[in-house]
Amino acid sequence: MLRVTLSRSRILLARPAAARAQWLAPSRTAFQQRYFADRKTEETLVPGSQSLKQPYGGVPPVPGVAKSASSTVDTNTPAKNIPILPPKPEDLSDVSKQTLTPPTTVPTGTGTASVAPPAGPTNPPKKSRKMRKFLAYLLVLSALGYGGGVYYALVSDNWHDFFTEYVPFGEDAVGYFEERAFKKRSQGRPPALPRLHEQVRGEEKVRIPSNAGVSSRPAEKADLGGKGPHVSAVDDNVPKPKPAVEKGAAPVTGQEKKNQAPAKPEESSSSHKLLPKQDGKQESSPAATPSAKKEEPRPAAPAPAPAPVQTPLVDHINIENASEPVVQDVVKILNDLITVINADGAAGKYSSTIESAKDNLKKVIGDINTLKATEQKNAEDKIKQLHAEFDGAAKQLLQRHEDSIQNQEVRWKEEFEAEQKLIKEAYEQKLKTELDSVNKVYDQKLKNELLEQAIALRRDFTTSVQNQVETERGGRLSKLGELSSSVAELEKLTGEWNNVVDTNLQTQHLLVAVEAVRSTLENSTSPTPFIEELAALKEVASNDPVVSAAIASINPKAYQIGIPTYAQLIDRFRRVATEVRKAALLPENAGVASHVASFLLSKVMFRKEGLPVGDDVESVLARTEVLLEEGDLDGAAREMNGLGGWSKTLARDWLGECRKVLEVQQALDVIATEARLQSLLVD
Amino acid sequence: MSDTTTPTPATAPALRTSRPLSESLLNDKWDRCLSSLLIKSGLGLSFGVIFSVLLFKRRAFPAWVGLGFGAGRAVEECDSSFKGAAAQSRDGLRVLRP
């Protein structure tokens with residue numbers, strides 16, 4: 001089949017292309033058809049471009065021609081009429097120029113596109129636009145995603161961890177937003193000052209002096225003991241007048257500075273001190289200068305000088321002891337009035353009134369002075385009274401104080417006496433107890449001494465009694481020792497006899513134990529362990545070396561598992577004998593053939609009976625059987641042990657059993673003999 | 001064999017597990033030899049049959065040859081086992097060669 005297809009295809013391939021063209025060309029022109037078997041020409045078109053066939057009509061284009069046409073396009077034909085081919089590297093520049101003018105004409109070909117497709121290079125813009133769109137979407141989406149991620153990171157802790165760890169710059173972004181949130185929260189406060197920081201750096205250190213702030217200070221105690229205003233009620237008034245006068249002087253200076261000078265001397269209330277100052281003042285007003293008593297003539301003297309024609313000038317008033325400021329003011333006013341009148345030259349007119357005024361004034365001043373004096377007197381009286389009162393009070397206080405002190409003293413004295421008494425009592429008590437204890441100790445000591453003496457006496461008594469007894473014993477009781485020695489000898493004799501009886505008993509026990517073991521062995525129908533009996537035997541023997549050696553000679557398996565009975569041994573021998581007979585004729589180092597031969601021949605061999613003479617297997621077996629029937633286990637085992645080769649190998653187990661039994665029998669014999677020997681050795 | 005086993009159950013398994021009874025040694029060997037003869041001759045026969053089918057156009061002789069090979073090998077093994085067994089085993093003994 002395969003060959004057929006291959007040959008067919010080969011034939012198809014072998015057909016010349018020219019012939020195909022011959023009969024295919026017209027059909028193709030007719031139906032515009034192309035077969036798969038045809039060679040593919042340059043019909044491949046760039047999408048959107050016109051087919052090459054169109055300008056050449058029905059004739060299929062030759063590849064060479066098409067190529068030449070495309071190569072000559074740039075010079076001869078306009079760009080819109082020729083089909084656009086994939087640009088060649090060398091034409092690239094031209095093609096790019098042509099693409100600037102897309103074709104507008106509608107192609108007349110069979111192409112499905114009704115409108116001229118955009119030129120080749122128009123595709124890249126589309127692509128780029130798509131790309132740009134895609135990029136924009138991507139950018140927007142990623143930005144949104146990033147923003148969302150940042151926001152969610154601010155909300156969820158898990159996402160925060162994930163975002164900051166795996167997303168690039170995620171940590172910075174989230175950190176920035178967190179910081180902003182923190183700042184917003186702390187906006188009420190002033191922006192963080194670098195105050196602390198500067199302090200840490202050591203700049204602008206605020207230094208607080210050591211004595212700044214509040215500090216403690218002992219309260220100022222009004223030292224009532226020292227001197228002060230409180231000591232005397234009289235002195236209180238002394239310092240006060242000065243500030244009062246000064247206060248009074250202040251308005252004076254404010255009113256008139258020129259009159260200050262005359263006012264001041266008056267304050268000092270010393271008329272003779274005023275004189276020199278008033279001399280200086282005489283230049284302006286000479287009337288004021290004369291002293292109190294010579295006032296009137298003196299002012300009168302200068303007065304006529306300015307106005308001799310007129311009535312004599314009114315004298316200035318001067319009043320003694322005008323210490324009161326009010327009085328001074330009044331005097332001053334009056335003086336002013338006088339000066340005015342004098343200056344006016346109307347002295348004659350007002351002199352009478354002025355004089356009356358002066359008199360009145362003087363009277364008033366006198367009244368004031370008397371009032372003052374009475375007041376002062378009253379005050380002094382009052383002060384004196386107060387003094388007396390105060391003194392009385394002080395005296396009372398002192399008295400009371402002294403009384404209290406006396407009371408205290410008395411009380412203290414009483415207390416002291418009581419305390420003294422108490423102490424005395426306590427001391428006496430202590431003394432008494434001490435005395436008692438000392439007495440007791442002394443008594444005890446005395447008692448102890450007495451006791452010691454008593455003990456010593458008793459000891460002496462006992463020793464003396466002992467000595468007496470010893471001396472008695474030496475004489476009369478010496479025969480008791482002989483008696484006791486004879487009794488001891490008797491005891492020894494009885495003990496020896498007891499020993500003999502004991503050993504007899506022991507040997508009897510031993511015999512009994514041996515018999516017990518033997519009986520268990522004989523009575524058992526199957527191999528039973530006799531380890532208990534053997535243990536009892538060993539116990540009874542009580543470390544008899546012979547017995548222990550005999551027991552040690554027994555194979556442990558024998559008493560742990562048990563030994564087969566005689567009947568079992570015979571039974572087993574019969575089966576062993578049949579097996580041995582099968583291997584009776586085997587030579588040394590026999591193979592399969594000899595085994596088979598021996599097996600077959602052993603079937604037809606004659607069996608011997610009785611006690612035949614000879615070393616062959618058959619006679620040995622016969623002899624062994626006879627011996628076993630006689631009960632000579634030892635002989636039977638010896639006979640079987642004489643075998644060799646396969647026969648002995650087969651009989652090995654049986655021999656082992658026999659040996660075990662024999663060992664046990666021998667050991668038991670030895671023990672029984674030993675017991676008998678022991679019983680004989682007693683006498 | 002069954003008779004030697006004691007009625008007491010405690011002793012019987014101890015004996016059995018330790019080692020086979022000496023009188024049954026030869027019988028055991030025979031059993032093993034026969035079984036191996038069967039198996040090996042069967043194997044040889046089957047190989048012979050396969051060869052005859054594949055290569056020898058279903059002739060009979062390859063089967064016989066295979067049977068012979070198997071049986072021969074079994075017999076040889078059996079022989080060696082019989083030969084070595086009678087003599088006392090030399091396991092654990094040092095052999096001095098001249």
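The values are calculated or read from the model by the stated rules, or taken from the named source; none is laboratory data. Keep in mind that what you see is a predicted model, and the values were worked out from it rather than measured. Methodologically, a virtual Cβ is constructed for each residue, glycine included, from the backbone with ideal geometry; neighbour enumeration extends over all protein chains shown. Calculation scope for accessible area: heavy atoms of the full protein, side chains included, ligands and nucleic acids excluded. Shrake-Rupley method; radii C 1.70, N 1.55, O 1.52, S 1.80 Å.
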*Note down the magnitude of the dipole of the stretch A:519-657 about its Cα centre, charges +1 on Lys and Arg C-beta and -1 on Asp and Glu C-beta and zero elsewhere, to the nearest 20 debye.*
640
*Keeping all protein chains in place, calculate the accessible area per residue for the stretch A:367-525 (probe 1.4 angstrom), answer in Å².*
91
*Packing-based order for A:541-547, B:91-97, A:642-648, A:361-367, using average beta carbon neighbours within 10 Å, highest first*: A:642-648, A:541-547, A:361-367, B:91-97
*Ignoring ligands, DNA and RNA, what percent of the 1.4 Å accessible area of the stretch A:368-428 is carbon and sulfur?*
58
*Of the accessible area of the stretch A:599-682, with the probe set at 1.4 angstrom, what percent is carbon plus sulfur?*
53
*List the residues of the stretch A:639-662 whose backbone N lies under 13 Å from a point placed 7 Å from the Cα of A:Asn555 along the Cα-to-Cβ direction.*
A:652-662
_Solvent-accessible surface (1.4 angstrom probe) belonging to A:Thr649, in square angstrom, nearest 10_ = 20
*Average partner chain C-beta neighbours within 10 Å, per residue of B:24-31?*
4
*How would you classify the stretch A:423-554 from its alpha-carbon gyration tensor, with a ≥ b ≥ c the square roots of the eigenvalues: rounded for a/c under 1.5, else prolate if a/b is greater than b/c, otherwise oblate?*
oblate
_Can you tell me how the stretch A:433-504 classifies by the Cα gyration tensor, rounded, prolate or oblate, using a/c under 1.5 as the rounded cut?_
oblate
*Per residue, what accessible area does the stretch A:544-659 have, given a 1.4 Å probe and all protein chains present, in Å²?*
49
*How many Cβ atoms of partner chains, on average, are near each residue of A:654-662 if near means within 10 Å of its Cβ?*
1
*Peptide-level mean, for A:571-584, of C-beta atoms on other protein chains within 10 Å*: 3
*Ignoring ligands, DNA and RNA, how much accessible area is buried between chains A and B, both sides summed, with a 1.4 Å probe, to the nearest 100 Å²?*
2100
*asked:* In the stretch B:21-98, if the dipole is taken from +1 on Lys/Arg beta carbons and -1 on Asp/Glu beta carbons about the Cα centre, which of B:Phe56, B:Cys78, B:Leu67 is farthest to the positive end?
replied: B:Phe56
_Sequence ranges A:576-588, A:527-539, ranked by mean other-Cβ count within 10 angstrom, highest first_ = A:576-588, A:527-539
*Can you tell me the relative contact order of the stretch B:19-98? Whole percent, Cα pairs under 8 Å, sequence separation 6 or more.*
30
*For the stretch A:566-579, what does the Karplus curve 6.51 cos²θ - 1.76 cosθ + 1.60, with θ = phi - 60°, yield as ³J(HN,Hα) per residue in whole Hz, taken in order and with x for Gly and Pro?*
5, 4, 5, 5, 5, 4, 5, 4, 4, 5, 5, 5, 4, 5
*Rolling a 1.4 angstrom probe over the protein heavy atoms, how many square angstrom per residue are accessible across the stretch B:17-98?*
75
*Cα-centre dipole for the stretch A:405-560 with unit charges at Cβ (Lys and Arg positive, Asp and Glu negative), debye to 20*: 220
